[in-house]
Structure formats: structure tokens, C-alpha cells
Amino acid sequence: MNATPARPSRPRLVDPDLAARVPGLRRVAGIALLVAALSAVAVVVQAVALAHVVDRSLLHHAPLGDVTGALVVVGVALVVRALLHAAGDLSALGAADRVVGRLRRELLRHALDLGPGWLAGERTGELSLAATRGLRSLHAYYARYLPQAAAAAVIPFLLLVWVATQDWLSLVVVIAL
């Protein structure tokens, strides 16, 4: 027996064992990361445009005509963020449906291959409940957790990069807090 403790692996968005077992997981994770990155860019564009509107109109009393372009940018950024959110949701739900459907077919095929003799020795109610709950949990993983985990991994990093390009002292303050 090996007495050496297992080294903790680096955190990953997708568990390598799950990625190897479940087809398409890396693709879904990649799409989720891309949508999160584009959303972060849209947030920055929206924030900069909104800051310009507030600065020009409230602090410098500029007329509405002077900030119309920035208001349009705020509106476009809002629409882009909504479209990205919808596209991410559709992608995640579609992937979840495909993966769960495939695994459900594999599970049924495996149970049929084992035959009625094997099923007679099992508690079919518990087996059915475990299979349905497990697949439902995997569906939730694809459709909800994975996109949110991607956003949580990417958006703060990209926002920090943007802050660093604007004002290094603000970056120090943000990191210190």
C-alpha cells in the first residue's frame, strides 16, 4: 500500500474523469467560458459608457444630445448581454439534453444486456430512482452549474485585467480588499 498522500490537483472547471466519460463536456465548458468572457467585455463596455453618461450629464451638466451616443452604447451593451445569456442558456440546455439522453440510452442498453435475471435480484424501484435522480443532477450540472462556474472563473479575472489597464493603484485597492 502506498503511504504517500495524493497530491491535490489544480482546480478545474471540468473534472477530467467526467470529461472522459461524458461526451461533449469540454465543448460545453469551452462555450460557457467564451460566453462568460464576452459577457465580461459587455459589462466593461456598459460600465464605461454609463460612467461617461453620469460624468457628462450629472457632473458637467451636458445636454442630452452630448451623451446620446453613450446612452446608445449602454443600450446595445444591455442587449448584447441579454443575447449572450440566452445563447449560453440554449447551448447549455441543448448539451444537457443530448448528454442525458445518451446516458439514459446507455443505461437502458446496459440493463437490457444484463438481462431480466440480473434485474430480478435488484431493487428496481431504488435502481430507477437512483438512475433518474443521477441523470437529473447531471442535467442540472450542464445546464446551470457549468455556465455559472465558467462565469465565476472568467469574469472577475477579466475585470481585474481591465482595471489594471486603467489604473494600477485601483487594482492594488481592489486586490487588497
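Read-outs throughout are calculated quantities, based only on the coordinates presented, and are distinct from any laboratory measurement. Values in this document were obtained by computation on a predicted structure and should not be read as measured data. Cβ atoms come from the backbone with ideal geometry, glycine included; neighbour counts cover every protein chain shown.
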**Study point:** ³J(HN,Hα), Karplus 6.51/-1.76/1.60, whole Hz, each residue of the stretch 65-71, x for Gly, Pro
**Key:** x, 6, 10, 4, x, 5, 5
Check your understanding: If you compute log10 I(q)/I(0) by the Debye sum over Cα atoms at q = 0.11, 0.19 Å⁻¹ for the structure shown, which of (i) -0.57, -1.23; (ii) -0.70, -1.21; (iii) -0.48, -1.37 do you land on?
Key -> (ii)
**Study point:** Dipole of the chain, positive end: most advanced residue of VAL154, LEU50, LEU138 [Cβ charges, Cα centre]
**Key:** LEU138
Study note, to complete from the structure: HN-Hα couplings for the stretch 119-126 via Karplus (6.51, -1.76, 1.60; θ = phi - 60°), in whole Hz with x for Gly/Pro, come out as 5, 5, x, 10, 8, 5, x, 5
Practice item. Taking H placed 1.01 Å from N in the peptide plane, check which residues at least 5 places from ALA62 or on another chain put their amide H under 5 Å from its amide H. Key: SER57
Exercise for review: Show me 47-60, 26-39 ranked by packing, highest mean number of other Cβ atoms within 10 Å first.
Suggested key: 26-39, 47-60
Point to revise | Under Karplus coefficients 6.51, -1.76 and 1.60, residue-wise ³J(HN,Hα) of the stretch 161-177 in Hz, glycine/proline x | key: 4, 5, 4, 4, 6, 8, 7, 5, 5, 5, 4, 4, 4, 4, 5, 5, 7
